[in-house]
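*Asks:* Below you will find the structure I want to go over with you.
Just so it is clear, none of the values below were taken in a lab; they were calculated from the coordinates. Everything numeric in this text was worked out from a predicted model, so none of it was measured. With ideal geometry, Cβ positions are generated from the backbone for all residues, glycine too; neighbour counts draw on all protein chains shown.
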Amino acid sequence: MADIQEGGKGRGRSRNVELNLVPFIDLMSVLITFLLITAVWTQVSMIQIGSSLYGKKSDTQPNPEPPPMSEIVLKVEVKTSGYVLTVGKQMISLPLQGGEYDDAGLIAQLQRVKQLYPEKVDGVVAIEDVLPYNQLIKAMDDLLTAGFPAISVATGGPN
């Protein structure tokens, strides 16, 4: 604790003020910790430009190879109007059949995708917020049945 004392020379009373420095020290320790932790992220976000800074093109670097077919995005969107299956840039719409979701049609389409890309094991399921949770589970089960065990769930977003 800091202590400030003023003598009582002449007029007035003597003052004895104690400052509590513990909250200040706590604040500084938190700020220093935060500074040390975030200092790492400033170097991670740096972009290595290299020789392209001055417009020079390096001939030693080969052209980047396109991603393998297993990197193609497979997404099942569960909407109020039915399923929408997205494979890369191709979209396949599976509307409701008699008020019910066409799970058999979805499994058939997913199995066709599995035949085209046998090394693909992942898929993404997105569902609208207004739909019940069990519809999300059905779509995930359909992905598992078709041979896609690595399933991610995404938010439906604005549709």
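*Asks:* Pop a pseudo-label 7 angstrom from the Cα along the beta-carbon direction at both ASN20 and ILE72 and give the gap in nm to one decimal.
*Replies:* 6.7
*Asks:* Under a point-charge model restricted to the Cβ atoms of Lys and Arg (+1) and Asp and Glu (-1), what is the dipole moment magnitude of the stretch 70-155 relative to its Cα centre, in debye to the nearest 20?
*Replies:* Values: 7 positive and 11 negative charges, 49 e Å.
That gives a dipole near 240 debye.
*Asks:* On to the next question. Could you point to the residue in LEU85, ILE137, TYR117 farthest towards the positive end of the stretch 70-155's charge dipole, with +1 and -1 charges on the Cβ of Lys/Arg and Asp/Glu respectively?
*Replies:* TYR117
*Asks:* Could you grab the Rg to Rh ratio for the stretch 70-155? Cα atoms only, Kirkwood for Rh. Walk me through the numbers before you get to the answer.
*Replies:* Values: Rg = 11.7 Å, Rh = 12.7 Å.
Radius of gyration over Kirkwood radius for the stretch 70-155 works out to 0.93.
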